[in-house]
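Report on one structure; see the data block that follows.
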Amino acid sequence: MSSESIALTAVREPSRPLGDALYSWVTTVDHKRLGILYILYAILFLVIGGIEASVMRLQLIVPHNHFVSPQTFNRMFTMHGTTMVFFVAMPVLFGFGNYLIPLMIGARDMAFPRLNAWSFWLTAFGGLLLYFSFVGGNGLYGAGSAPDVGWFAYAPLTAKTFSVGHSTDFWTLGLLVSGFGSIGAAVNFVATIVCLRCPGMSLGKMPLLVWLNLVMGAMVLLVISPLTAAQVMLSLDRFLGAHFFDTQAGGSAVLWMHFFWIFGHPEVYVLVIPAFAFVSEIIPVFSRKPIFGYPVMVAATVCIGFVSFGVWAHHMFTIGMNSYANSFFVITTMVVGVPTGIKIFNWLGTMWGGKLQFKTPMLFCIGFLFQFLVAGLTGIMLAAAPFDWQLGNSYFVVAHFHYVIVGGILFGLFAAFYYWFPKMSGHLYNEKLGTLHFWLFVIGFHLTFDFMHIPGILGMPRRIYTYEPGRGWDLWNFIVTIGVFFQAVAILIFVGNLLYSMFKGKLAGNDPWDGWTLEWSTSSPPPEYNFARIPVVRSRRPLWDLKHPEDPDWKYE
Amino acid sequence: MSSTAIPPTSIESQWSLPYKGHVGMACLIAAESAIFTIFVVAYIFYIGKSLSGPTPREVLHLPIFATVCLLSSSLTIHAAVGALRKSNLSAFCLWWFLTLTLGAIFLFETGREWQRLIYHEGLTISTNLFGTTYYSLVGLHAFHVTVGLIGLFTVLLLTLLGKVQQEHSRNVDVFAMYWHFVDVVWIVVFTVVYIIGR
């Protein structure tokens, strides 16, 4: 079977005046362009969030450092967390989903293209509103800059009396606005996947990426809403004197924690499930084997989706719930690890006996497998409430969730970037630079986040702007910060590779990886209408059927 | 370029998926239900916990008339959609206008009750926990009624301008889904606030 590109000319629109081109991008309703806008927006905020992290790490590189003030440090950890979750992870995942879903289901666009555009611009505006706080957070009374209440904004710190000025309001309103954008995008995902699949593509024949984005979209509808409700309540407290979280009037600050984590925990599954989706598409292609156990992968993901709504209070083990409540959440948290573990076995099963190709996307997927496993294991450790009583709110927790988000989700994202960059841009990236990015980032990631577990175990709390020398934390903090430099260099190589390749890279053709899903049947980049004729499919790998008419998949499925 | 392995026209001719308008509105309703659930949970959690001020039992009167109006509007909008499907434009217009009127009466009655509570009973959103949870929950619902009324009015305007025809009956049905949702939420709010909470 030949894996040559079918067409060797990249599809290029005739060049237009810059004003026209910009206008077309700003008013676009094309899912591919909106997907790219989401992704570019996310990359911009990735760099900004990374700078915020670097500021924190430089402050903590040695004890009693004076790089930034405590107030600035508080703003940094608040903005870093908020930015990374809401303005990097969510947009980039919506971006990839928007780009890929219609192509993979044989549709010409999403179900609601204008809603798609509205959702993107709302998300974008929310981010700008949040960041405006750096400049305009001073309000009328000269108090406040960026929010400094932590990304989870616990009550009663966020009450009007304790957070003067408007910094908290920028947090609340910026996220409220982008939350509506997320709900809009989720409505679009679900409606598109349920209603616009091409003939023959039953639910059991969709690519796994589409299935997992369906689960993610459905989850977002139920996940963002509690946060929206809680933020409305917080705003009522702050602006109209309501008492939702006002303990002096009989209200409960713990209620905020419940509402926030009812959002916050399923949210991290919303973030990781699309990463699972990327890995589930990429590993089979670079193992030259179909995914092992497709139905189980779907069932496990749906399971994860449901169970993840029942684990939220494992973020609240230390607040003094009774032992029945604690035990319940210990058990559900451990249960949610089971379907997740099943998926890891299935990815390994896909690679087993396959003909592995160690291209850059595959390297990142292998990194994902190992790191996500370790992250899951530290998560199970933390699921044991007494263990969490010792290590909750310490750097062990920070190491755990960064292991998932950076070691898992970001690695999955890098794999997706390299895998679909040829499709989106029409050019191949430089494989050597991709490999260099991978190894530098692996070194940096492990320097930072492996060693971060140790100060946690030695008792270093989160969100402190400095620490005493001689506690045994000094060396580890130093190593953790060194890792940041490797990661920063790796990211620069990544961005440089993509930028350079976009203009000077070799032409990719339709199908550089010899893939099996419908997006590889279009040109690179695809035409605006995606498919001249809506395809009809008979199996999970329609392009395999096309390329191997003597041995099609539908004979075996 | 051909993109089929074999031309299975039987697959194509039998392929029918749900209407995207219904699925999209169902998703929106799911999200909105989650928002309302959080406010209902807060309401129930704070029952009896106010430290001071008027209690529900003292100040709340059952809004029977308003409820009857709102729930009847579900029946009238159902009749309207049915009429439009049968291309009966004048009946559609009449039922639609009735729906709008009933919804407006409900909103007006809510406003009257709030005026009484604020000026005669001294209950505001900042008075106590009951005030906070009552105004936020009933207010959130009233906000959704208002949005619905704006939609109802827009469709009425378009109908009077002759722009609404039988082929739009699916779209109108999607909007009716939203209106039915608003009614169901009121049933829940009514039960929680006026029956359980008192």
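Since every read-out is calculated from the coordinates, none of them should be taken as a lab result. For clarity, every value in this text was computed on a predicted model and none was experimentally measured. Cβ sites come from the backbone with ideal geometry, for glycine too, and all protein chains shown count toward neighbours.
Annotations
- Helical segments meeting 20 Å axial Cα length and Kyte-Doolittle 1.0 threshold in chain B (DSSP H): B:20-45, B:64-85, B:129-160, B:169-190
- Rule-of-thumb Rg ratio for the stretch A:463-557 [Cα; 2.2 N^0.38 Å; N residues]: 1.97
- For the protein assembly as shown, the mean residue ellipticity at 222 nm estimated from helices alone is -22500 deg cm²/dmol, where every DSSP H run of n ≥ 4 contributes -39500 (n - 2.57) and the total is divided by all residues, rounded to the nearest 500.
- Farthest toward positive dipole pole in the protein assembly as shown [+1 Lys/Arg, -1 Asp/Glu at C-beta], among A:A185, B:L140, A:M316: A:A185
- Computed magnitude of the charge dipole of the protein assembly as shown (debye, nearest 20; Cβ of K, R +1, Cβ of D, E -1): 640
- Each part reduced to its alpha carbon centroid, the stretch B:11-81 and the stretch A:309-384 end up 36 Å apart.
- Taken over the stretch B:19-196, the alpha-carbon convex hull comes to 103 cubic angstrom per residue.
- Dividing the convex hull volume of the alpha-carbon atoms in the stretch A:357-471 by its residue count gives 117 Å³ per residue.
- Cα long-axis angle, helix A:431-451 against chain A (0 to 90 degrees, to the nearest 10): 30
- Here the scattering of the stretch A:412-524 is modelled by Debye summation over its C-alpha atoms, one equal scatterer each and no solvent; at q = 0.22 Å⁻¹ the log10 of I(q)/I(0) is -1.10.
- Scalar couplings 3J(HN,Hα) for the stretch A:401-407, obtained by applying the Karplus form with A = 6.51, B = -1.76, C = 1.60 to θ = phi - 60°, are 6, 6, 4, 5, 6, 7, x Hz; x denotes Gly and Pro.
- Average beta-carbon neighbours from other chains, 10 Å sphere, peptide A:198-205: 4
- The H on the amide N of A:S394, modeled in the peptide plane, is under 5 Å from the matching H of A:R462, each at least 5 residues off or on a different chain.
- Going by neighbour counts of Cβ atoms within 10 Å, the residues B:K86, A:K423 line up, fewest first, as B:K86, A:K423.
- Taking every residue in B:43-52 and counting other chain Cβ atoms within 10 Å of its Cβ, the average works out to 3.
- Cβ-based net charge around B:V155, under 13 Å, with every Lys or Arg adding one and every Asp or Glu removing one: 0
- Peptides ranked, highest mean first, by Cβ atoms within 10 Å: ranges A:382-388, A:90-96: A:90-96, A:382-388
- Between A:Y556, B:G122, B:S10, the Cα set farthest toward the positive side of the dipole of the protein assembly as shown (charges on each charged residue's Cβ, about the Cα centre) is that of B:S10.
- Local electrostatic count at A:M76 - Lys and Arg +1, Asp and Glu -1, tallied over other residues with Cβ under 15 Å: +2
- Put a plus charge on the Cβ of each Lys and Arg, a minus charge on the Cβ of each Asp and Glu, and nothing anywhere else: the dipole of the stretch A:438-509 about its Cα centre is then about 300 debye.
- Quarter of the Cα convex hull surface for the stretch A:244-375, i.e. its orientation-mean projected area (nm²): 9.3
- Relative contact order [Cα under 8 Å, 6+ residues apart], chain A, whole percent: 18
- Computed over the stretch B:1-134: relative contact order in percent, which uses C-alpha pairs under 8 Å that are six or more apart: 29
- Going by neighbour counts of Cβ atoms within 10 Å, the residues A:M79, A:M219, A:M334 line up, fewest first, as A:M334, A:M219, A:M79.
- GNM flexibility winner over chain B from B:Q166, B:Q115, B:Q14 (Cα, springs under 10 Å): B:Q14
- Rg/Rh ratio calculated on Cα atoms of the stretch A:31-555 (Kirkwood radius): 0.96
- Environment charge of B:W186, counting only residues whose C-beta is closer than 15 Å and scoring Lys/Arg +1, Asp/Glu -1: -4
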